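What follows is a single structure, written as structure tokens, with notes after it.
The values are calculated or read from the model by the stated rules, or taken from the named source; none is laboratory data. Values in this document were obtained by computation on a predicted structure and should not be read as measured data. Cβ placement follows ideal geometry from the backbone for every residue including glycine, while neighbour counts extend to all protein chains displayed. Side chains included, ligands, DNA and RNA excluded: accessible areas come from the protein's heavy atoms. Shrake-Rupley method; radii C 1.70, N 1.55, O 1.52, S 1.80 Å.
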Amino acid sequence: MNALTSLSVALRERSYEILVGPNLLADAARHLRPVIARPPVVVVTDFNVAQLHLDTLTGALDEACIDHFEIVLNAGELTKEFDTLERLIEEILDTQPERGSVIVALGGGVIGDIVGVAASLVIRGIDYVQIPTTLLAQVDSSVGGKTAVNTRHGKNLVGSFYQPRLVLADTGLLDTLDGRELRAGYAEMVKYALLGDGAFFDWLVDNGGSVLDGDAEARRYAIVTCCTAKADIVAADERESGRRALLNLGHTFGHALEAECGYDGDLLHGEAVAIGIVFAFDLSAALGLCPAEDVSRVRRHFNDVGLPTGLDALGKRDWDAASLVRHMEHDKKVRRGRINFVLVRGIGQAFLTDDVGTDELLRLLEDAIAA
Ligand code: NAD
């Protein structure tokens with residue numbers, strides 16, 4: 001059965017729907033029409049996605065007689081920066097948008113994040129719709145309204161909370177995604193299981209292969225489970241003053257690795273998150289908080305699906321524990337000078353703490369570098 005599932009992110013006047021299922025792109029005009037108060041629609045995408053999927057969307061808009069413009073950006077993390085943001089905003093303004101016009105972000109997390117920033121700024125806020133095309137974007141970045149660009153001070157340090165009007169997660173679009181990108185998105189899927197849903201982790205251990213191999217129903221079920229979890233968390237804590245920070249499981253370590261490796265595709269965000277999650281479990285076990293068996297299960301599952309679990313997967317590098325800690329200290333997750341960690345008491349039992357000593361952290365990283 002290839003059903004369409006509708007979920008809602010309950011945020012009072014900023015509430016919106018997430019639709020998950022196949023063929024949503026071809027049917028996009030029907031879903032977009034209620035949110036377009038004033039055509040044209042401005043579709044922003046990247047070169048890769050444009051070649052594969054833009055025609056389907058523009059064809060659907062043409063058929064429905066909805067005027068549209070397209071803006072195509074370079075693909076990749078380096079696009080999420082100020083120069084591109086400025087050019088994007090100018091190009092959006094060239095289309096003379098008015099309040100009630102809509103921008104559509106057709107792409108992965110990079111397009112979703114930069115379009116979100118642009119939408120929040122153009123004429124002091126214009127509506128936007130997310131059509132996520134990577135697994136990572138379908139289960140995570142397209143939902144929840146975090147928008148961002150990177151700066152030389154670090155990743156995602158500039159942006160705002162600005163919710164989309166609608167999310168259309170067309171599971172069929174994942175068929176063109178390469179295996180490495182798919183696995184990187186899968187790491188974020190596992191994150192939801194590990195932070196709060198042990199039964200979902202068991203399901204992923206049994207069915208993760210089907211999700212990655214393209215079983216449409218397994219994909220839909222897994223994406224819906226993740227989006228439901230994210231929608232609940234965002235509804236309870238939109239601006240990350242508490243519970244939403246649990247979604248950063250693996251990210252404190254992961255962002256430090258990304259900063260160290262650069263953002264040129266050597267290490268994908270989801271791969272960094274997978275290694276970061278294993279670090280978070282290792283640290284939890286080292287502090288006597290989490291059973292060693294749970295750490296082994298997590299590591300085994302990532303290994304089974306082909307995700308990296310340690311620094312050795314990143315080739316020979318001059319790792320330096322102190323430098324990794326410095327990256328962590330510059331992350332957004334630092335409050336009152338203390339690094340905020342998401343640790344675990346076991347699979348499905350994440351919690352927040354800033355009570356991790358630098359010595360313990362350095363010891364863990366030095367052991368990992370020596371291994
Ligand atoms: P991405 O947007 O760079 O996409 C990965 C690659 O896949 C790109 O080359 C893209 O062109 C290509 N691609 C996209 N869809 C495709 C398709 N259907 N078929 C073939 N190729 C396709 O990367 P991503 O992993 O989607 O997103 C990573 C970004 O998301 C990071 O910048 C990260 O910081 C951000 N992020 C944001 C949030 C949030 O809450 N806003 C959450 C998690 C991650």
Checklist entry - Can you tell me which residues in the stretch 61-96 are part of a helix (DSSP H, G or I), within 9 Å of the ligand (Cβ to nearest atom) and open to solvent by 20 Å² or more (accessible area, probe 1.4 Å)? => result 77
Item to check | Leading residue by the ranking (modelled with the lowest pLDDT) among those in the stretch 136-163 that are polar (S, T, N, Q) and more than 7 Å from the ligand (Cβ to nearest atom) | outcome: 151
Checklist entry - For residues in the stretch 312-331 being open to solvent by 90 Å² or more (accessible area, probe 1.4 Å), of a type in the set (D, E, K, R) and not in a helix (DSSP H, G or I), which is farthest from residue 190 (Cα to Cα)? => result 318
Item to check | The one condition in (1) in a loop (DSSP other than H, G, I, E, B); (2) open to solvent by 60 Å² or more (accessible area, probe 1.4 Å); (3) of a type in the set (S, T, N, Q) that residue 309 fails to fulfil | outcome: (2)
Checklist entry - Do the conditions hold for residue 233, that is, is it of a type in the set (Val, Ile, Thr), closer than 30 Å to residue 12 by Cβ and out of contact with any strand residue (DSSP E or B) (no Cβ under 7 Å at 6 or more places or on another chain)? => result yes
Next on the checklist: I need every pair where a residue in the stretch 217-229 that is more than 23 Å from residue 349 (Cβ to Cβ) has its Cβ under 6 Å from the Cβ of a residue that is open to solvent by 30 Å² or more (accessible area, probe 1.4 Å) and modelled with pLDDT of 95 or more, sequence separation at least 6 or different chains.
Outcome noted: 218/207; 218/210
Checklist entry - Residue check: is residue 196 away from the ligand (no atom under 11 Å from the Cβ) and more than 21 Å from residue 56 (Cβ to Cβ)? => result yes
Checklist entry - Restricting attention to the stretch 99-135, which residues are within 12 Å of the ligand (Cβ to nearest atom), over 16 Å from residue 80 (Cα atoms) and aliphatic (A, V, I, L, M)? => result 131, 135
Item to check | Residue identified as open to solvent by 20 Å² or more (accessible area, probe 1.4 Å), under 20 Å from residue 79 (Cα atoms) and modelled with pLDDT of 95 or more among 210, 120 | outcome: 120
Checklist entry - If a residue has to be within 20 Å of residue 134 (Cβ to Cβ) and in a strand (DSSP E or B) to count, how many in the stretch 33-60 make the cut? => result 4
Checklist outcome for this item: Residues of the stretch 19-50 being within 16 Å of the ligand (Cβ to nearest atom), open to solvent by 30 Å² or more (accessible area, probe 1.4 Å) and more than 24 Å from residue 215 (Cα to Cα), in sequence order, are 47
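Would you confirm whether or not the stretch 269-291 contains a residue that is free of Cβ contacts under 8 Å to residues at least 24 places away in the same chain, touching a helix residue (DSSP H, G or I) at 6+ places or on another chain (Cβ under 8 Å) and open to solvent by 10 Å² or more (accessible area, probe 1.4 Å)?
yes
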Checklist outcome for this item: Going through (1) within 30 Å of residue 153 (Cβ to Cβ); (2) surrounded by fewer than 16 Cβ atoms within 10 Å (Cβ to Cβ); (3) out of contact with any Gly (no Cβ under 9 Å at 6 or more places or on another chain); (4) of a type outside the set (Phe, Trp, Tyr) one by one, residue 340 fails only at (2)
Checklist outcome for this item: Of (1) crowded, with 18+ Cβ neighbours inside 10 Å; (2) closer than 19 Å to residue 131 by Cβ; (3) within 13 Å of the ligand (Cβ to nearest atom), residue 223 fails just (3)
Item to check | Hits in the stretch 168-192 (condition: open to solvent by 40 Å² or more (accessible area, probe 1.4 Å) and either within 9 Å of the ligand (Cβ to nearest atom) or out of contact with any helix residue (DSSP H, G or I) (no Cβ under 7 Å at 6 or more places or on another chain) (or both)) | outcome: 175, 176, 178, 180, 181
Checklist entry - Do we have residue 222 as modelled with pLDDT under 95 and not β-branched (Val, Ile, Thr) here? => result no
